[in-house]
Each structure stands twice: as structure tokens, then as C-alpha cells.
Amino acid sequence: MKIHEYQAKEILRRYGVPVLEGHAATSGDQAVAAAEKIGGKVWVVKSQIHAGGRGKGRFIEQVSAEAIALAVNGDDVDEGEGGVRLAFSLEDVRKHTESMLGHTLVTKQTGAEGKLVRTVFIEAGCNIDRELYLSVMLDRSENRILFMASKHGGMNIEDVAHDTPEEIHNILVHPASGMTAFQARQLAFKIGLSGKEVRAASKFFMNMYKCYMETDSDMVEINPLVVTNEGAVVALDCKMSFDSNAMYRQKAIAEYRDLHEEEATEIEAGKWGLSFVKLDGNIGCLVNGAGLAMSTMDIIQFKGAMPANFLDVGGGAGREQVTAAFEIITKDPAVKGILVNIFGGIMQCDVIAEGVIAAVKEVGLTVPLVVRFAGTNAELGKKILAESGLNITPATSLDEAASAIVKAISE
């Protein structure tokens, strides 16, 4: 689960991680009031969407190839055009806020459709001396928490990772000891800090580790992590995501969920207990088991096509869930064919067959459908499909099924 920057900073503040004063706003009046509360002469107006690259993003009035190319490329974006803007007066705060709210922002991470801005974050200005980079995540290959940092931060961090990967430093945290003071100082030295900056950064890293662990975070990215002219270390931006499976014990964080930022089909799938992720291909997939689903997508690509989704109905799906899964897949206009790949274990193939037939009759079938059954009651499932009178192509192996559906959408 992802959250907005202003929400992430509320969490960081609770754990003693230094952030600037800021307030969310959904109107020009609220933005001005927030700026007045913060005080000072300089503010930053930040559009709040679940995507990075906001500073280099571009607002578009209508979707066109040219507008999207400009937005995704991020070149020649003036300070008054992107999704993050400086304001030197209350009038600027209002103007920037009202030009962002209700408009679509396209960045390298939003995709061509962009994201509608519904909230902005008004934050205090900052005397920046240097921009650094920090992220915290789980390194699954090492089974440890990984701190990744660089003395180069800001909007071009991807270039640093590509051109000079040696400038990115990693520290693994042992689960028994947690983040130690020694490791925190070591990381601070590696990214070029000295003197009181090291003390400030060490405390920052220690508190960040505690925040990460206690909130069931999946990933925290601070970019930029800035050193101010006064030697303070501050999180100028923050992205946080969380383990969705742990939200039952993170009630307060679960409240931050913004359904506007999620795919409608993924929300609908969640209601039925289905694991669904929309992709960019044209072959819809309905599979039981995450591993089998990944294999199915792999072989579709191997055959020269692209999957339109990841959809795992799980091991105990019934007829109603299968019908719901079909409805979700067929709502995608990009889908030109559907591949059902079921290995019957706990789930029985004849039950899935009945669900497939019910779904086809309910939602209609205007694209080719290939079904592969293996395992418990596979032959009975095939018999049910054969006697249904519907235009369904059976397959015995996954290779045969993938070849059949790729051929069908090409004809």
C-alpha cells in the first residue's frame, strides 16, 4: 500500500525524523491558510500523487502523443509548470495550488494517462546546502534490511545509479542487533558528511530504522535528503509503501489509503479476495497460484505476446469468484484473448469449469478463450467445457495453451 508525501511525513515526525513544517490543502483558501500558519517568505507547493518525478512532470489539458512525450521526457519544464513549485508570496501559493488541483499530471512514473491531482502539500522553504539520497528496504537475497545512500540526490538519482553505481553505498542491518550507532556513523561518512552533520545523520538513520520496522514498511525513499546551511539533516521528500498483508495491525496507516490512486479493477478484485495487477499487454490471464501465474505470464511473453494482467484466484476460489475474475478481465478493452490455466489441488477443475461457463454466459465472450486444466478432476472439467456448446479451446499443456491463445489473437 502506498501513501502520499504529506502522510509519510506525518509518520516520520512521530518517530523523530526531521521534516519541514507542512500542511495538506484541497483548495486555494486552504493552501493560503497553510502558508500563513507556516510563516516565512518562501513556500513549496507540491502536487500529491502516488508517483515520482513530479518536479519534471507536466500538466496536460488533453491526452495527445506530443503532450505525453513532453511530460514523460521532463525537459524544458519551467519552475511554474511542474508538479513541485516555489512560491514567493501568498498570491503565488494560491495561483500554483489552483493550477494544480483538478488537473492531470504526467510524469515518467504515472504512465501516459497521468494522475489527477486532488491534494497539494504546502511546505516551508529550506536553505539547502547539499542534496543526498536515502532509501530503506528489505533485501530478500540477504534476508536483512538494506540502507542505500548516496552523496548525490535529487531529480537525477536514476542517472547516478546508471552512470556511477559506485557512488551508491549499501549497509545491511542484522535483524538481531538492529541499526547500530556504528553503522549509522559509517553510512554518514560514506556519503560525505562530517562534524555535527554526522551526529545529525546518525540520529536520523537510527530513527528511520525504528520507523521502518514498527510500521511494517515495504520501502521508504528520502530523495532528496538534504543538509541545510545550518548543518541539519532533513527529509525534504518522502515516499513510503507498506506490506498490505500487515495492515490488519496498522489500523492508523490503513486509514491513509487513497482509493483514487489505485486501479478500479484492482480494488474490485480485492473485494473478491483476488490478487490482481493490471499490465500493459492484451492476453488476459486467470490462474490459481502466484507461481503458476508468473510462469503463465512468462510463457506468454516467450511466445511473443504480452499478458494484460496478473490474476491469482487462489487455492479455494468458487464459482462466484471465477465469475468476478472474468468480469474484471473482460472490462479491459485491451484484452484480445483470455488464457485460463488451472492446476487442481485444493481447487477442483470441475468447479472452475462451471465457473468459467457461468462467467462466459453472464458477461459474454467476444474474444478467444483457451483453457488448460491439470490435476484434481481435470478430465471432468474438460468434459464439462466440451459439453457446454461454447467456443472454448481446450489445452493439455501450458506450452500448448500459450501457443493457442497467441495464435488466436493473431488471426
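Starting from the range 381-393, keep only residues that are farther than 12 Å from L365 by Cβ and assigned by TED's automatic domain parsing to the domain that holds P368, then list their pairs with residues that are of a type in the set (S, T, Y) and assigned to a loop (DSSP other than H, G, I, E, B) whose Cβ atoms are within a distance under 9 Å, requiring at least 6 positions of separation or different chains.
The qualifying pairs are K382/T396.
I'd like the full set of residues that are out of contact with any helix residue (DSSP H, G or I) (no Cβ under 8 Å at 6 or more places or on another chain), aliphatic (A, V, I, L, M) and farther than 17 Å from V117 by Cβ, limited to the range 21-59.
Hits for the range 21-59 are A33, I38, V42.
Within the range 381-388, is even one residue buried (at least 22 other Cβ atoms within 10 Å of the Cβ) and at pLDDT below 90?
Restricting attention to the range 381-388, the residues satisfying the condition of being buried (at least 22 other Cβ atoms within 10 Å of the Cβ) are 381, 385.
Cutting the leftovers down to at pLDDT below 90 gives us 381, 385.
Yes; the residues of the range 381-388 include at least one that is buried (at least 22 other Cβ atoms within 10 Å of the Cβ) and at pLDDT below 90.
Would you mention how many residues in the range 202-220 are assigned to a helix (DSSP H, G or I) and in contact with a helix residue (DSSP H, G or I) (Cβ under 6 Å, 6 or more places away or on another chain)?
3
So that you can scan it fast, the table gives a plain yes or no per residue for (1) at pLDDT below 95; (2) surrounded by 16 or more Cβ atoms within 10 Å (Cβ to Cβ); (3) in contact with a Lys or Arg (Cβ under 9 Å, 6 or more places away or on another chain):
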site: G153; (1), (2), (3): yes, yes, yes
site: N156; (1), (2), (3): yes, no, no
site: H162; (1), (2), (3): yes, no, no
site: G178; (1), (2), (3): yes, no, yes
site: A188; (1), (2), (3): no, yes, yes
site: S194; (1), (2), (3): yes, no, no
site: M208; (1), (2), (3): no, yes, no
site: Y212; (1), (2), (3): no, yes, no
site: S217; (1), (2), (3): no, yes, no
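So, in the range 239-259, exactly how many residues are more than 28 Å from G154 (Cβ to Cβ) and within 17 Å of the chain's Cα centre (by Cα)?
Step one: of the range 239-259, the residues more than 28 Å from G154 (Cβ to Cβ) are 243-252, 254-255, 257, 259.
Narrowing further to those that are within 17 Å of the chain's Cα centre (by Cα): 243-247, 254, 257, 259.
Final tally of qualifying residues: 8.
May I ask you to list pairs of residues, at least six apart or on different chains, whose Cβ atoms are under 8 Å apart, with the first in the range 340-360 being under 14 Å from L286 (Cβ atoms) and the second being of a type in the set (A, V, I, L, M) and at pLDDT below 80?
What qualifies is M347/A317; I352/A317; G355/A317.
Working only within the range 96-114, note down all residues that are in contact (Cβ under 8 Å) with a residue 24 or more places away in the chain and either aliphatic (A, V, I, L, M) or more than 16 Å from E81 (Cβ to Cβ) (or both). Explain how you work it out, then say what you get.
Filtering the range 96-114 down to residues in contact (Cβ under 8 Å) with a residue 24 or more places away in the chain leaves 96-101, 103-110, 112-114.
Across the range 96-114, the qualifying residues are M100, L101, L105, V106, Q109, A112, E113.
Looking at (1) touching a residue at least 12 places away in the same chain (Cβ under 8 Å); (2) of a type in the set (F, W, Y); (3) over 27 Å from Q7 (Cα atoms), which is the only condition Y209 fails?
Single failed check for Y209: (3).
Could you list, in sequence order, the residues of the range 235-253 that are in contact (Cβ under 8 Å) with a residue 24 or more places away in the chain and either of a type in the set (D, E, K, R) or surrounded by fewer than 19 Cβ atoms within 10 Å (Cβ to Cβ) (or both)?
D237, K239, S241, D243, S244, A246, M247, R249, Q250, listed by residue number.
The values are calculated or read from the model by the stated rules, or taken from the named source; none is laboratory data. Predicted, not measured: the structure shown is a model, and the values here were computed from it. So basically every Cβ, Gly included, is an ideal-geometry build from the backbone, and we count neighbours across all protein chains shown.
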